[in-house]
Amino acid sequence: MTDVNPRPQRPLPPAPIRWAGLIAIVQSLIVLAFAGLLVARDLMGAQEEDLVSDSANINWVGTGTAVFLGLIFGAAIFAAIWMMRGHQWGRGLIIYLEIIILGLSYFMFTAGQWMAGIATALSAVVALFFLFNRRSLEWAEARHGF
């Protein structure tokens, strides 16, 4: 009996694509940890002084935000893994994620969180560099024949 793989193996993407995927996964895990903190705060009954409402549902804004973050950044982890396994599909979502993260870094700067803003902006710029370097673009072109 011979071992026959019914599904052909996809060649691995170039190293810059894999590095960009790893950066996106780390960024997403950090955001998901923050989402967990938001849920924990809601469960412990922490009051947010900046939110003003007469509704009892105001106490669950953190959990709602965490669900939203979980959907977005969970999809980003899936896209990064998919891209790192050689599929072209995840690249666009990761590019979009990095552009959003650049915007988040701006808000960190304006809030006076310079170190967090620099680290966040630097991670996004490096990931975008990896996604748009020559080897990555040649890989994308070969995958879809642009």
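The values are calculated or read from the model by the stated rules, or taken from the named source; none is laboratory data. Just so we're clear, the structure is a prediction, and the values are computed from it rather than from any experiment. Please note: Cβ atoms are built from the backbone with ideal geometry, for glycine as well, and neighbour counts cover all protein chains shown.
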Checklist entry - Considering only segment 104-124, how many residues are exposed (fewer than 14 other Cβ atoms within 10 Å of the Cβ) and among the β-branched types (V, I, T)? => result 2
Checklist entry - Looking at segment 125-146, which of its residues are of a type in the set (S, T, N, Q) and crowded, with 18+ Cβ neighbours inside 10 Å? => result S136
Next on the checklist: Among the listed residues W82, W60, identify the single one that is under 19 Å from L12 (Cα atoms), without any contact (Cβ under 8 Å) to a residue 24 or more places away in the chain and out of contact with any Ser or Thr (no Cβ under 7 Å at 6 or more places or on another chain).
Outcome noted: W82
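Taking the options G90, G62, name whichever one is buried (at least 16 other Cβ atoms within 10 Å of the Cβ), more than 19 Å from the chain's Cα centre (by Cα) and modelled with pLDDT under 95.
Numbers: G90 fails: more than 19 Å from the chain's Cα centre (by Cα).
That would be G62, the only listed residue that is buried (at least 16 other Cβ atoms within 10 Å of the Cβ), more than 19 Å from the chain's Cα centre (by Cα) and modelled with pLDDT under 95.
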Checklist outcome for this item: Subset of segment 29-49, residues hydrophobic (A, V, I, L, M, F, W, C) and in a helix (DSSP H, G or I), comes to L29, I30, V31, L32, A33, F34, A35, L37, L38, V39, A40, L43
Item to check | One residue from V52, V39 being over 15 Å from the mean Cα position of the chain (by Cα) and modelled with pLDDT under 90 | outcome: V52
Checklist entry - Somewhere in segment 69-86, is a residue exposed (fewer than 13 other Cβ atoms within 10 Å of the Cβ), part of a helix (DSSP H, G or I) and modelled with pLDDT of 95 or more? => result yes
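Tally the residues that are of a type in the set (G, A, S), over 16 Å from A15 (Cα atoms), touching a helix residue (DSSP H, G or I) at 6+ places or on another chain (Cβ under 9 Å) and modelled with pLDDT under 95, restricting the search to segment 117-146.
0
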Next on the checklist: Just to verify a result, which residue in segment 13-37, among those that are crowded, with 20+ Cβ neighbours inside 10 Å and in contact with a Gly (Cβ under 8 Å, 6 or more places away or on another chain), is farthest from T63 (Cα to Cα)?
Outcome noted: P13
